[in-house]
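Novice: One structure, pasted below without further comment.
The values are calculated or read from the model by the stated rules, or taken from the named source; none is laboratory data. Predicted model only: the values in this text are computed from it and were never measured. Note that we place each Cβ from the backbone using ideal geometry, even for glycine, and neighbour counts take in every protein chain shown.
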Amino acid sequence: MANINELLEELNPAQLKAVQHPPQIPLQILAGPGSGKTKVLTMRIAYLITYCHLPPSSICAVTFTNKAANEMRERLYKLLGKDRTSQIKMGTFHALCAMFLRRYSKTVGLDGNFTVCDADESKKMIAKLLKPYKELLTEKNMTLTENGALGFISKVKAKGWTADDARRYVEEMNALTPQERFVRTMGKFEPWEGEFGLILASVYKDYEKSLREANSVDFDDLLMFGVKLFAKHAKASSWCRHVLVDEFQDTNNMQYDLMVYIARASQCVTIVGDPDQSIYGWRSAEIANLGKMQQDFPATQQIYLEQNYRSTGSILALSLAIVSQDKGRIQKTLRASHAQGPPPVLRIFPIEQVEAAFIAAEIKRLVAFSGVRFNSLSRAIESALQKESIPNRVLAGHKFFERMEIKDVLAYLQLVDNPQYVPAFLRVVNVPSRAVGVKTINEITLRAQQLKISPLKVVERIVDGKIPDTKPPVKKKLASFVHTIRILRRHANGGIAPSKLINALVDSINYKEHLIKTQPDADSRWDNVQELVNFASEVEQNGPEDLVRRMFEADEALHEDVPENRDGEESQDDWEDGMHDFDGDQAEGLRASGDTPLRLFLQASMLSSDTETPEEEKSKEKVTISTCHAAKGLEWPVVMIPAVQSGVFPSTRAEDVDEERRLLYVACTRAKGLLYLTHTTARMMSGEFVPTHMSDFIGSLRDKKETRDLFTETLPSLPQPDRKTIATVTGRSLPDEAEVARRVSEYAKTARHPAWGDNAPFRETTMYTMDEDVVANWTPQSFPSVPLKTSGERNPAGGPGYRQDTVQPVSGPAAFSSSSSLLTTTQRAGVNTLICTTTTDGWSVQLKICCRQVHKQGVWRTAFDAGNQGKANASSSVSEPEHALTATVIGPLNERRAH
DNA sequence: AGATAGCACTTTTTT
DNA sequence: AGTGCTATCT
């Protein structure tokens, strides 16, 4: 175990002050990027335990992501040892609430086996609920999308309002005159006014009802029920003697309330935050919580951490200049600990493919990280990296758990744990296909409503012959389904490891075969299922149930207090029915505690974003592609931020421009040694080139004399002094001079882009519109006159979609026949697209995109293809026919012949 | 009931 | 620019 005294000596005065701050005086640590806040936070926890003698189980540490919680846990192992660390109540607000709600479910009117409903299922649920309102909405000439309704519900929930609260608010507002309303809302327009608002409130009510009926909660519910629990039940938080909240600037009202309630007994609070890094306003985060805390805890003191240990001086200077453009921000500074280093690079490119090629080429010289604004922007970069065979990984959030095959498996398990969870039932009744269609499902659902039991129950009873079969007969078709569920239920109640449960499931339903039959990429999907098994084993090894148990076992008060946690009537029924299926006795204890291995695994799957396999992945040197949001709290030696341009920074959809600027600030401050900002002059948006310009966040700095020199166009040549600086900043040893020379010459030999230092090749982009008569006389055959041979193949899976017809030119102009790449044509009803691509003269590459406008569904559309092999064509609406036909010539790209 | 083709919608960011 | 829903067909 590390010696804490020694570690305390390493801290700077401000850090030390923060760590040793008296626990009973509420503390705000305002910590700039790279100021060692995680270190301070973990040290403070260790300090509270070892010096202030707080029991570990009386400390609540809240992080923003579960990943951050795991990292902090790792650090604390070294300071406190595994035993004491595991008693600390640590996790996100969501995860902590989930754990408490399992224990106190009855107190807030939930069942202990509730399922956490993910955003995807929520959306499907809303879509279903919206249907009855469709007619009314069109009649009143209003539009309401799932996302609109979901956004409303989430916003309202962030205030802690139930559906009834929301309805009351809308009614109240509607009773006011427009002037009064204006005053009430402080001039802000709230789209949920009038009849529309009533509909929204009503949808929310339906949604709430559906969730409860399915014995499930969504992400926002976890917080809402958490608040309800702690507000109502003071003993639920009586164990707590100190609360620490990280990333406080990103907490919303519910989370703030949770903090206050958990701290109710002790009034001891430490928060760490940075208003400059507040980037979750769109998720109802409130920077104002900083001020609110000062009011609610009047003794609050602040400590500023402004010494930056992460980045070079020039990176900090630019970052600070960016964020300082926000005039309303709290004045704070950053002091560099390191040398100036090479200035950040700012470069311009015609289109994202070239931008990506540049990044890939530049990375060849550097171990780098690349931060993108949207996940959708990463595609070009990924493929460019692949072309250069640079290993990379995408810092993926939930993507893995959103895959169809993963959701299928999880749905079975959810259904086993929570028979009432209708979304899971609907997902898997017919997976693999059991010849159960919509009609049967509707019949079952109807019966379920009549009998006031879950659809699963209905099916079980039919199969058992307890109730008569439905009209499209179910008994035979669904016997295997019920059988599977019962096998799994028995295993689960016997406390089997979730990884084994998954194996039992895929065996029982022959899932692999099902994938092969229905999915063209069955192999990779099956790999994903195996990956899920791995994830499950990992969760088992880390022993979350053990961990959760230890978090709670020290709290005697809690044990006395656990309300009788019986399952609901519905499950009770299952219990009896399934009696012959499992030996219930040993399951009893687990059920009562609310933490079965299965339940914990499911919860981890829903709440975790930490999908990385630590050992093998982290040791490899890889380029990381991440969104700017996901990059928060992380750092890399080199950071490249593409698409720093209009429409992206700030996003066209953003409501808060200042927040967008802060996001760029967060991204820039991830860099230790080198920072690149690039942008393009055109961006492909839903099939059309839209001209873009440099982000104003950067442009305004470049246009001013005082700030112009904060960046450079020249690529860093990394002379020895710069190499030394970067080595220092990144904490790596200085590379050997001879080795550098050898690598540079090696690079020069193999580099496909020796000319990146020169801007010329990228400024030859032209976009123009073709003559109208060309448009008028265009036929698929006229340009070029190449007979095309098609070979359309249906999707072998039989599902929607088909392979694009890839054709070889049989004859034609030399330029085309000599082209080694593709000529693609797609013919879908009403859309004729001809794409001519890549001509090569050995010196340069020319990319031609030819498009044709087509009148379709009353609008003029442009049909074209960017020339990606095997990729589908795109079509998009355009207002004016004459703009529809465009040709873009880019080039010469680069490929210079070596002399 | 299942297959298919066309249509519509999204695409910010995450627990 | 890919995916999922729906109407229509088999």
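Novice: Among (1) within 28 Å of residue A:223 (Cβ to Cβ); (2) of a type in the set (S, T, N, Q); (3) within 16 Å of DNA strand C (Cβ to nearest atom), there is one condition residue A:143 misses while meeting the rest; what is its number?
Specialist: Result: residue A:143 passes all but (1).
Novice: Looking at this structure, is residue A:267 away from DNA strand B (no atom under 16 Å from the Cβ) and farther than 29 Å from residue A:162 by Cβ? Break it down stepwise before answering.
Specialist: On the way: away from DNA strand B (no atom under 16 Å from the Cβ): yes; farther than 29 Å from residue A:162 by Cβ: no.
Spelling it out, it is not the case that residue A:267 is away from DNA strand B (no atom under 16 Å from the Cβ) and farther than 29 Å from residue A:162 by Cβ.
Novice: With respect to residue A:9, is the statement that it is of a type in the set (D, E, K, R), farther than 24 Å from residue A:251 by Cα and assigned by TED's automatic domain parsing to the domain that holds residue A:236 true? Give the steps one after another, and end with the answer.
Specialist: Values: of a type in the set (D, E, K, R): yes; farther than 24 Å from residue A:251 by Cα: yes; assigned by TED's automatic domain parsing to the domain that holds residue A:236: yes.
Considered against the rule, which asks whether it is of a type in the set (D, E, K, R), farther than 24 Å from residue A:251 by Cα and assigned by TED's automatic domain parsing to the domain that holds residue A:236, residue A:9 comes out as yes.
Novice: What pairs come up if the first residue lies in the stretch A:445-461 and is not assigned by TED's automatic domain parsing to the domain that holds residue A:420 and aliphatic (A, V, I, L, M), the second is crowded, with 20+ Cβ neighbours inside 10 Å and part of a helix (DSSP H, G or I), and their beta carbons are under 7 Å apart, counting only those six or more places apart or on different chains?
Specialist: Sorted first by the residue in the stretch A:445-461, then by its partner, the list stays empty.
For (1) farther than 30 Å from residue A:196 by Cβ; (2) surrounded by fewer than 23 Cβ atoms within 10 Å (Cβ to Cβ); (3) under 23 Å from the mean Cα position of the chain (by Cα), each residue gets a yes or a no:
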{"position": "A:55", "(1), (2), (3)": "yes, yes, no"}
{"position": "A:62", "(1), (2), (3)": "yes, no, yes"}
{"position": "A:73", "(1), (2), (3)": "yes, yes, yes"}
{"position": "A:76", "(1), (2), (3)": "yes, no, no"}
{"position": "A:100", "(1), (2), (3)": "yes, no, no"}
{"position": "A:124", "(1), (2), (3)": "no, yes, yes"}
{"position": "A:136", "(1), (2), (3)": "no, yes, no"}
{"position": "A:143", "(1), (2), (3)": "no, yes, no"}
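Novice: Which members of the stretch A:97-122 meet the condition of being closer than 14 Å to residue A:216 by Cβ and basic (Lys, Arg)?
Specialist: Scanning the stretch A:97-122 gives a single hit, A:102.
Novice: Restricting to the stretch A:34-93, name every residue that is on the phi < 0 side of the Ramachandran plot, more than 16 Å from DNA strand B (Cβ to nearest atom) and in a loop (DSSP other than H, G, I, E, B).
Specialist: A:35, A:51, A:52, A:54, A:55, A:88
Novice: Next question, about the same structure. Return yes or no: is residue A:523 at pLDDT 80 or above, more than 28 Å from residue A:456 (Cα to Cα) and in the same structural domain as residue A:456 (by TED's automatic domain parsing)? I'd like the intermediate steps shown before the answer.
Specialist: Numbers: at pLDDT 80 or above: no; more than 28 Å from residue A:456 (Cα to Cα): yes; in the same structural domain as residue A:456 (by TED's automatic domain parsing): yes.
Here the answer is no, as residue A:523 does not meet what is asked.
Novice: Of everything in the stretch A:67-82, what is in contact (Cβ under 8 Å) with a residue 12 or more places away in the chain and either of a type in the set (Asp, Glu) or touching a Gly at 6+ places or on another chain (Cβ under 7 Å) (or both)? Give them in sequence order.
Specialist: Of everything in the stretch A:67-82, those that are in contact (Cβ under 8 Å) with a residue 12 or more places away in the chain and either of a type in the set (Asp, Glu) or touching a Gly at 6+ places or on another chain (Cβ under 7 Å) (or both) turn out to be A:68, A:69, A:71.
Novice: Among the residues in the stretch A:169-188, are any within 25 Å of the chain's Cα centre (by Cα), in contact (Cβ under 8 Å) with a residue 24 or more places away in the chain and buried (at least 21 other Cβ atoms within 10 Å of the Cβ)?
Specialist: There is no residue in the stretch A:169-188 that is within 25 Å of the chain's Cα centre (by Cα), in contact (Cβ under 8 Å) with a residue 24 or more places away in the chain and buried (at least 21 other Cβ atoms within 10 Å of the Cβ).
Novice: Further question: Does the stretch A:103-115 contain at least one residue that is buried (at least 19 other Cβ atoms within 10 Å of the Cβ), touching a strand residue (DSSP E or B) at 6+ places or on another chain (Cβ under 8 Å) and over 25 Å from residue A:256 (Cβ atoms)?
Specialist: Within the stretch A:103-115, one or more residues are buried (at least 19 other Cβ atoms within 10 Å of the Cβ), touching a strand residue (DSSP E or B) at 6+ places or on another chain (Cβ under 8 Å) and over 25 Å from residue A:256 (Cβ atoms).
Novice: Please tell me if residue A:708 is in contact with a helix residue (DSSP H, G or I) (Cβ under 7 Å, 6 or more places away or on another chain) and free of Cβ contacts under 8 Å to residues at least 24 places away in the same chain.
Specialist: yes
Novice: May I pose another question? If I filter the stretch A:425-432 for residues that are assigned to a loop (DSSP other than H, G, I, E, B), at pLDDT 90 or above and away from DNA strand C (no atom under 16 Å from the Cβ), do I get at least one hit? Quick ask: steps written out before the conclusion?
Specialist: Start the filter on the stretch A:425-432 by keeping residues that are assigned to a loop (DSSP other than H, G, I, E, B), which leaves A:429-432.
With the extra rule that they be at pLDDT 90 or above, the set shrinks to none.
No, because not a single residue in the stretch A:425-432 is assigned to a loop (DSSP other than H, G, I, E, B), at pLDDT 90 or above and away from DNA strand C (no atom under 16 Å from the Cβ).
Novice: Okay, next question. Can you find a residue in the stretch A:445-454 that is outside any helix (DSSP H, G or I) and within 16 Å of DNA strand C (Cβ to nearest atom)?
Specialist: no
Novice: Here's another thing I want to ask about it. Looking at the stretch A:522-531, can you tell me whether even one residue there is within 30 Å of residue A:87 (Cα to Cα), within 16 Å of DNA strand B (Cβ to nearest atom) and of a type in the set (A, V, I, L, M, F, W, C)?
Specialist: No: zero hits.
Novice: Give, as residue ranges, the strands (runs of 3 or more DSSP E) completely inside the stretch A:655-718 that count at least 2 residues that are away from DNA strand B (no atom under 14 Å from the Cβ) and either among the charged types (D, E, K, R) or modelled with pLDDT of 90 or more (or both).
Specialist: Fully inside the stretch A:655-718 and qualifying: A:671-680.
Novice: Does the stretch A:282-291 contain any residue that is small (Gly, Ala, Ser), assigned by TED's automatic domain parsing to the domain that holds residue A:245 and crowded, with 17+ Cβ neighbours inside 10 Å?
Specialist: Yes, the stretch A:282-291 contains at least one residue that is small (Gly, Ala, Ser), assigned by TED's automatic domain parsing to the domain that holds residue A:245 and crowded, with 17+ Cβ neighbours inside 10 Å.
Novice: Would you please name the residue that is modelled with the highest pLDDT, looking only at residues in the stretch A:115-142 that are within 16 Å of DNA strand B (Cβ to nearest atom) and in a loop (DSSP other than H, G, I, E, B)?
Specialist: Filtering first and then ranking leaves A:117.
Novice: Yes or no: residue A:105 among the hydroxyl-bearing types (Ser, Thr, Tyr) and assigned by TED's automatic domain parsing to the domain that holds residue A:75?
Specialist: Numbers: among the hydroxyl-bearing types (Ser, Thr, Tyr): yes; assigned by TED's automatic domain parsing to the domain that holds residue A:75: yes.
Yes; evaluated as a whole, the condition is true for this residue.
Novice: Sticking with this one: Looking for whichever is under 36 Å from the mean Cα position of the chain (by Cα) and surrounded by fewer than 22 Cβ atoms within 10 Å (Cβ to Cβ) here; the options are A:503, A:418, A:493. Which one fits?
Specialist: Step by step, each of A:503, A:418, A:493 is checked, and only A:503 is under 36 Å from the mean Cα position of the chain (by Cα) and surrounded by fewer than 22 Cβ atoms within 10 Å (Cβ to Cβ).
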